[in-house]
2 protein chains.
Amino acid sequence: MSRINVTYRVHSDAADIEARAQAIAVEQSVEMPVAAIKSDYVLNEILGRVEDIADNGDGTYQVIIGLAVETTGFEAAQLMNMIFGNSSMHTAVTLLDAEFPKELSDTFGGPRHGIEGLRERCNGAGRAMTCSALKPQGLLVEGLADLTKQFALGGIDYIKDDHGLADQAYSPFAKRIPACAKAVREANTETGGNTHYIPSLTGDLDQLRDHVRIAKEEGLFTMMMPPMVVGLPSFHIIVRENPDCAFLAHPSMTGGGQIAPVFLFGKLFRMLGADAGIFVNHAGRFSFPKETCRALAGQCLADWPGIKACTPVPAGGMTLARVNEMLDFYGRDVMLLIGGDLLLTGDRLTEATREFADTVANYAA
Amino acid sequence: MSRINVTYRVHSDAADIEARAQAIAVEQSVEMPVAAIKSDYVLNEILGRVEDIADNGDGTYQVIIGLAVETTGFEAAQLMNMIFGNSSMHTAVTLLDAEFPKELSDTFGGPRHGIEGLRERCNGAGRAMTCSALKPQGLLVEGLADLTKQFALGGIDYIKDDHGLADQAYSPFAKRIPACAKAVREANTETGGNTHYIPSLTGDLDQLRDHVRIAKEEGLFTMMMPPMVVGLPSFHIIVRENPDCAFLAHPSMTGGGQIAPVFLFGKLFRMLGADAGIFVNHAGRFSFPKETCRALAGQCLADWPGIKACTPVPAGGMTLARVNEMLDFYGRDVMLLIGGDLLLTGDRLTEATREFADTVANYAA
């Protein structure tokens, strides 16, 4: 039976680490005293196995546990239960990585479009892509549509809803999406451009489906969801049901590192179908180290048989002044997302957006 | 407009705390530079407000932010986005508590049955309740049904699936649930008892609905779900669609404390409809402090206008030897969950289960 090899970082004394590793193997599989298990099948095939323990030399250990892939039922919620569910309650345990066997990644299938698909949509072959965000929530539909048009007139590739834009009374989804889609169509007609509007989908699976339907009726086929908020199963089902749509994963509720972001974006969200992953860039409003960002982008793009590349989307307080530095850092396989800094330009929004798009288009590494 | 007053613990220098608090208020509401906001409505009604900052004297501060309740759209996923979504990525920020306005708690409605409803189901008026867990996964349906019968013959109140029992090839949900339900019916007929079997529901919303249907067809009306795994919206929708069912919340993926468990179980899961919350007891396999457990149980049971009490279910490596100590600690408003320690008794399982049930029934505080 294939195993998922899951890597945890465990704070432990040297004297305790073997017992702790064994305890994780039990917790993440049979979750009961092994002495009480009589079935050879359970003991040989289902019980988690300590595959490796390596001393990091800093009071922590990297522990690799082999978990039987059948325990996941090949379903997203149960996958999460198995790789981290109960152990998440141990403050001393971090989920660092997992090697998913091919039958599991084939089941979920990864991004349906990937970075090249997103490039194709915006005629962005061979270059980095640009994105901005509609904010703030609280603006009425007309205000948001007006902002959308100004962004689109600037020739940006993608305009996404702020993840705070859900289905609130002041800008209901069913009114906001048609209005913003129309604004982009009008701007594209005017400029001959190819800007895409990305609605943010939130809520339960019924609502997500309803929102997808509304978006598609407006000719929109790129959307955003926060997997940790709507739940991994809902995220994946929406991906699976809509192979004509590309999906950005939003990082809301991804937490402060108890699940390593490199794994979360580059492996888990990607396997479940994220065509792009928005994460917080170094030296912005959040505190991801530079090396985490580099590793995250690298993992999103890394070769993975049968699984397309997920577009890294560094964000979180990025500025126009940093565009060249970010392109130097990430290369062309990236989508740059700048929201607030563009909005700060006020009456110059379209002009500033054009400068952003041009800077990216003209960048020559 | 009503506000949700959210309390965060923030690691900060004294010099920075006001700016950090203001940054959280912005991040959890408009998520953009305030200087770029022109709308008075947004500035006055939607922008988060720093309501209080208190020095904990240990390098941390308690910061209270007032968030407009309308930003939640009165929906579970967006509620999570608003109270912690992006700030979850700050390692220095912990979500400690939130005061939900009545229009929000009325919308979600809390437990449909609560602790008294669970007592009524098992003729447990005036006493603590007992529960055990079916394990390990990997056993075939017949093996699980046999264990179920042995537990039920011992007169326990509830028998829950291990949360690892999902819809795996070795014990598919659609076969396991009828078999275990039948085992309990047979045992109840034999003993005249009133044991209830609690299936664990996992998966996406379609699967959850399918599983609920299968369970109800077997006459089962008490079920378990892991809210953080299936997603808060799915958890709540299943509660809402099935007012005849009581639901236990399982703690899988609740994490190592970045969201305070007292809040998560006593406020959030409870408001979304958890009739009982399984949490890890002190001095078991996990490291919750005693005082956290006491506070958690207290919050689950605390008066809340219009919202029923949620049953505290301390678990995680509990033993028969600790039953009296746990009853001394928690009182009668509790459901004691002992799994592995009962299973360790092997051929004495029914007898040991009977001792567990009798000890709880005969306990006189």
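Each value in this text was obtained by applying a stated rule to the coordinates, not by laboratory testing. The shown structure was predicted, so the numbers you read here are calculated from the model rather than taken from an experiment. Every residue, glycine among them, receives a Cβ derived from its backbone with ideal geometry; neighbour counts consider all protein chains shown.
The table below lists the values:
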| item | result |
| --- | --- |
| Local electrostatic count, residue A:2, Cβ distance below 11 Å [Lys/Arg +1, Asp/Glu -1] | -2 |
| Table column - 3J(HN,Hα) (Hz), the stretch A:125-141, Karplus curve with 6.51, -1.76, 1.60, x for Gly and Pro | 3, x, 9, 5, 10, 10, 8, 9, 10, 7, 8, x, 4, x, 5, 6, 3 |
| DSSP-defined beta bridges in the protein assembly as shown - what % are antiparallel, rounded to 5 | 45 percent |
| Principal-axis tilt of helix A:290-301 within chain A, Cα atoms, nearest 10 degrees | 90 degrees |
| Sum of -39500 (n - 2.57) over DSSP H runs of 4+, divided by residues of chain A (222 nm, nearest 500) | -10000 deg cm²/dmol |
| Per-residue mean of C-beta atoms belonging to partner chains within 10 Å, peptide B:19-30 | 2 |
| Anisotropy class of the stretch B:1-115 from Cα gyration tensor, a/c 1.5 cut | oblate |
| Formal net charge of residues neighbouring residue A:273 (Cβ-Cβ distance under 11 Å; K, R +1; D, E -1) | +2 |
| Amide H contacts under 5 Å for residue B:51, placed H, 5+ residues apart | B:64, B:65, B:66 |
| Per chain A, cysteines lacking a partner by the 4.7 Å Cβ criterion | A:122, A:131, A:180, A:245, A:293 |
| Karplus (6.51, -1.76, 1.60) ³J(HN,Hα), θ = phi - 60°, over the stretch B:67-74, in Hz, Gly and Pro reported as x | 10, 4, 5, 4, 5, 7, x, 6 |
| Shielding score for B:86-99, defined as the mean number of other chain Cβ atoms within 10 Å | 4 |
| Rounded to 5, the percent of DSSP beta bridges in the stretch B:114-362 classed as antiparallel | 0 percent |
| Signed unit charges on C-beta, dipole axis of the protein assembly as shown, positive-most listed residue B:154, B:239, A:42 | B:239 |
| ³J(HN,Hα) computed for each position of the stretch B:108-114 - Karplus, 6.51 cos²θ - 1.76 cosθ + 1.60, integer Hz, glycine/proline x | 7, x, x, x, 7, 10, x |
| Amide H contacts under 5 Å for residue B:134, placed H, 5+ residues apart | B:160, B:161, B:162 |
| Separation between Cα centres of the stretch A:1-24 and the stretch B:85-109, rounded to whole Å | 33 Å |
| For residue A:336, distant residues with modelled amide H under 5 Å away | A:129, A:130, A:131 |
| Cut-off 12 Å between beta-carbons: net charge of the residues surrounding residue B:317, Lys and Arg +1, Asp and Glu -1 | -1 |
| Selected from B:211, B:122, B:262, residue furthest toward positive end of dipole (the stretch B:114-362; charges at beta carbon) | B:262 |
| Listed residues A:16, A:52, A:210, most fluctuating in chain A (Gaussian network, C-alpha, under 10 Å) | A:16 |
| Kirkwood hydrodynamic radius (C-alpha pairs) into Stokes-Einstein, the protein assembly as shown, 10 °C and 1.306 mPa s, D in µm²/s | 61 µm²/s |
